[in-house]
1. Among residues belonging to the stretch 463-492 that are crowded, with 22+ Cβ neighbours inside 10 Å and in contact with a strand residue (DSSP E or B) (Cβ under 7 Å, 6 or more places away or on another chain), point out the one that is modelled with the highest pLDDT.
2. In the set 230, 218, which member is over 19 Å from the mean Cα position of the chain (by Cα) and over 30 Å from residue 96 (Cβ atoms)?
3. Considering each residue of the stretch 112-127, count those that are in contact with a strand residue (DSSP E or B) (Cβ under 6 Å, 6 or more places away or on another chain) and surrounded by fewer than 23 Cβ atoms within 10 Å (Cβ to Cβ), and give that number.
4. Taking residue 345 and the conditions (1) assigned to a loop (DSSP other than H, G, I, E, B); (2) modelled with pLDDT of 95 or more, which numbered condition does it fall short on, given that it satisfies the others?
5. Could you check the stretch 249-264 and list, in sequence order, the residues that are surrounded by 22 or more Cβ atoms within 10 Å (Cβ to Cβ) and in a helix (DSSP H, G or I)?
């Protein structure tokens, strides 16, 4: 036959839209034409495919070859189309039976020798192929990543010749494998001496998925506390773990040994807005999406440019990011916990009892004003972390370990998922009346606190969500006055 079609996938965000690679071989002067909005790496595939076919022992047709990547209006990028193009040329030139191509989807970059190299976005491709009822064939280099989809039939190959022999029924291709369960090692919460109030805030934040801000002088343990939070979080559920893995797959590359563990991202304060939430010419994901299902830690919060911080306001509410460019639009999940730390002033000692502050009132106000009010309003827990004298630290006993606290966190989260199928921090406004109802006594107490503190409606909802988490940690079915009082204390 002179016409063949091979199925593959493009990558747009964490989605993998289908692409049909159509190859036509006709009479005329020898040529190789590639159409369908291919970018530079895709256009260069004609040379890689020609060399790979010849070096693998196949004949390259000396005729007019037209390759169409449909749909034509979807931009194509990367080397993932090398393998399907090569298979299409072989099928169209009758060197390969076309019967087996319809039930499979292929992706892989070809070396000039015919070997297969890894491609980004293997996980979204496998997920989409499984939903469409087809098998997937990918390079062995992404075997561990592809094996994360338990219901998928994924075959791995070392080179073009292996795939051709499998399609001819001469040899079999191995199933994808290579993922091994691995327990990530996190710093222990027992290493933190003192700071009982801040340790309590970390436990509450972990139990309810709440955002958290530490404010205190240098060396008081803010970063130390933040780095202990991921160890308190339980493993991700399968859906969230796959979403997180898909984001890493299309961006920095996914490490299967961290499968199902909440990610911890810690960008420097010089990060740009595009790097934080995603964008660029190719609409790539940013740090907020790479932290999906885990923790985004912003140390020295007031040192970040205010315009950069404010781009987080929308994803903190919606849990996703839409990156729009002239020729493409991508959606990335971004349901993360924001944990931030900052000094109270430029010198760091405003309000500290051990050292005098050198800053003027105007400098303090200007420094704290770098973080906008709307962003602070979206942070559930505001925690003062004072400096602890060395003599007091020596007398402090070691606090509870991560293992001990994580049991309470896991139990509280289990209660929330049974009750409302989500964490308290993610309760919608129309669910508040049902799950965060107050008694008449608590209602009067809350109204008085709201009037005195001047809380916004968003802040009121966040106070109630935190109080619901405190009650869950205590094993209470209803929000008590002491739960509400503790929650209000974290908003001052």
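1. So, considering only residues that are crowded, with 22+ Cβ neighbours inside 10 Å and in contact with a strand residue (DSSP E or B) (Cβ under 7 Å, 6 or more places away or on another chain), the one modelled with the highest pLDDT is 466.
2. Answer to the check: 218.
3. So the count comes out to 4.
4. For residue 345, the exception is condition (2).
5. 249, 250
The values are calculated or read from the model by the stated rules, or taken from the named source; none is laboratory data. No experiment lies behind these values; they were computed from the predicted model shown. For neighbour counting, all protein chains shown are included, and Cβ atoms are generated from backbone atoms with ideal geometry for every residue, glycine included.
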